[in-house]
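Working notes, beginning with the structure itself.
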Amino acid sequence: MQKFASLSIILFVCFAQTKAFSIYGFGFGTRCPTTPIIADFDQDKYLGKWYEIERIPMIFERNLQCVTAEYGKNDNGRVSVKNSGINLAANKTSMTTGEAFVPNQSEPNKLVVEFPNQILFFNVKNQGNYHVWSTDYNNYALVYSCNIYLGFIKFEAAWILSRSKDISLENSNKLKELLSSNGVKTSTLETVNQTCNN
C-alpha cells in the first residue's frame, strides 16, 4: 500500500510538470490573489449578455468557441446564469445553466456560482468563485476564480469578457495588466473565436 501511495505521488508530480496540467488552470501554490473589492458594484448593470474574449483554458471549455454568458434575475433574488458555446470538435451547441449569489453583501463583486450536476444517482451542485475584478458594465469585464486544494494545489481561472464580439486593445491591455500585477500569468490566456454564425 505504501508503494502504491508513493507511486501515485510520483505520477502526480510528473503530470504536474506537463503542459496539460498547467493549461487547465492547475499549478502549485498556497495562496490566491486578493480580490479587489468593488464596494459600489451594480449587479443590475452587470446583467445581460457577455462575450468571452480570452480565457485561461479550462477542461470544461475544451473545444468551445463563440462562448457567451447571459445573466438575469431569478424570482429568488439570485442571478440566473446561462453559458453557451459551439463545440467545434462535435459541431454542436453546448449549454449549461445555473445561478449565482453574493455570500457577503459587503463584497458585492464576489459571487459564488452553482451548476447542477449528477454523479451516479445523486444530484449535486458544483460551486465556484465568480469574482468580478473590473468592469465598466458597458464594454468589458474581468472575472477571476481561484481555489487551493490539499494545501498546495492551486486552481485558477480568468475570463476577459466584452459586451461585443471583440474588445479594444486598450481595455484588453488594462485587464491583463491587472491580472499580471496580482501574480496571474497572462501568457496562459487563449483567444476565444467569436466568428461563428450565432
Considering only residues that are surrounded by 13 or more Cβ atoms within 10 Å (Cβ to Cβ), among the aliphatic types (A, V, I, L, M) and over 24 Å from Ala39 (Cβ atoms), which ones fall in the range 50-104? Ile53, Ile56, Met58, Leu64, Val67, Ile86, Leu88
Going by what's in this entry, would Ile167 be described as of a type in the set (A, V, I, L, M) and either outside any strand (DSSP E or B) or in contact with a Phe, Trp or Tyr (Cβ under 6 Å, 6 or more places away or on another chain) (or both)? yes
Per-region count, the range 148-173, residues without any contact (Cβ under 8 Å) to a residue 12 or more places away in the chain and under 21 Å from Asn138 (Cβ atoms): 3
Does at least one position in the range 114-126 carry a residue that is assigned to a strand (DSSP E or B), closer than 22 Å to Gly48 by Cβ and at pLDDT 95 or above? no
Considering Glu61, Glu70, which residue is touching a Gly at 6+ places or on another chain (Cβ under 8 Å) and modelled with pLDDT under 90? Glu61
If you go through the range 69-89 one residue at a time, do you hit one that is touching a residue at least 60 places away in the same chain (Cβ under 8 Å), in a strand (DSSP E or B) and within 13 Å of the chain's Cα centre (by Cα)? yes
Condition first: closer than 17 Å to Ile37 by Cα and hydroxyl-bearing (Ser, Thr, Tyr). Can you find one or more residues in the range 168-185 that meet it? yes
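When you check Leu179 against the structure, is it buried (at least 20 other Cβ atoms within 10 Å of the Cβ), of a type outside the set (S, T, N, Q) and more than 19 Å from Gly27 (Cα to Cα), yes or no?
no
The values are calculated or read from the model by the stated rules, or taken from the named source; none is laboratory data. Note that the structure is predicted; figures quoted are calculated from it, not measured. Every residue, glycine among them, receives a Cβ derived from its backbone with ideal geometry; neighbour counts consider all protein chains shown.
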